Amino acid sequence: MPKTSTVLTHPAPGTQVRPVREYTDEQKEKVAALRVYADTQTLPQIDPYYKWELRWLDRPDTMPRYMRAAKWNLEEAKKRLRNTISWRREFKPDLIPPDEVKIEAETGKIILTGFDLDGRPILYMRPGRENTETSPRQLRHLVWWLERAKDFMPPGQESLVIIVDYKSCTLRTNPSISVASKVLTILQQHYVETLGRALVVNLPFILNFFYKGISPFLDPVTRDKMRFNPDLLELIPKEQLDADFGGEYEFEYDFEKYWEQVVSFCGIAPDGTRIERSATKTSLEKVSSEKQAATDSSTEQQVIIEEPIASVNVDSTPASEDMGIQAGSTEAVSITA
């Protein structure tokens, strides 16, 4: 495939979004009960953060994820949800302005592009590209990307894949155990059931101590999702996998082009809020129209701004336990500088 700076914002054609969640009547009742409890914990409607809190609580995956994480113990789920509500009010992960963390993204130490065989968005982490000193902003940068990964998820998908590449990583650029433990705390406590797979590649022997150091902070569920030096082509379509890892996706990181694509696709305003729909086309939509005209495509690409979730055409046939949700077009979008 030719080299490209285009971000892959949709799964490969024909992708079956998995796993498909089927719940018993008892489990559905517990999910509903947790939602009722959540309504007793919300901020007053006059609070500026109220609509963002409600927006998160209303996501179709929020209550089921917390129930699954609590192993269907309603009281434990209430406790976990309450803790995350408190954290989100303080951290406001859904309102981080892009410019606040933009400097952290300049070297591409975290890149979101492509999807695995189950329709999970892929978040590449390359510690060897570290470009800043340890600070709270680094943590906010990571959380900003977790939120963008949620935006990229096609309908029916609730988790992501993280690929940690230790190529060119040194003791200096590797995150400290303290920072890693904070990251794990946020991921395990406030993005429950969001990690689908954690794939670690090119881990040098000298950094084995790092994973021994963070091992006490890994809960059993997270540990079971980690794989070291796997065959990535068994998990990710070759056209969706970065060529650095054996795929055919020849992605060239052009920071400004990349940043504009992600911010535009997710509909993030300069202050961290969401861009409202308007009669004026976004740059993303303009480029999409040009691509379709060039290919004589009759299908219009959709971009959802109000609810920034990657738009995927889904088969209208209800999913069963034996079939996933079929993702639609994988038309990617390119932004010119």
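The values are calculated or read from the model by the stated rules, or taken from the named source; none is laboratory data. Since we're looking at a predicted model, the values are computed, not measured. No Cβ is skipped: glycine too gets one built from the backbone with ideal geometry, and neighbour counts run over all protein chains shown. To get the accessible areas, we keep the full protein, side chains included, count just its heavy atoms, and leave off ligands, DNA and RNA. Shrake-Rupley method; radii C 1.70, N 1.55, O 1.52, S 1.80 Å.
Numbers for the structure displayed
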| quantity | calculated |
| --- | --- |
| Protection-proxy order for peptides 129-140, 52-63, each taking the mean of Cβ atoms within 10 Å per residue, highest first | 52-63, 129-140 |
| Trypsin sites (Lys or Arg not before Pro) within region 223-257, DSSP loop, no more than 16 other Cβ atoms inside 10 Å | Lys225, Lys238 |
| Rg over Rh [alpha-carbon atoms, Kirkwood Rh] for region 25-91 | 0.97 |
| Surface accessible to a 1.4 Å probe, Ile103 within the full protein complex, Å² | 70 Å² |
| Percentage relative contact order, region 25-91, counting C-alpha pairs under 8 Å, at least six apart | 36 percent |
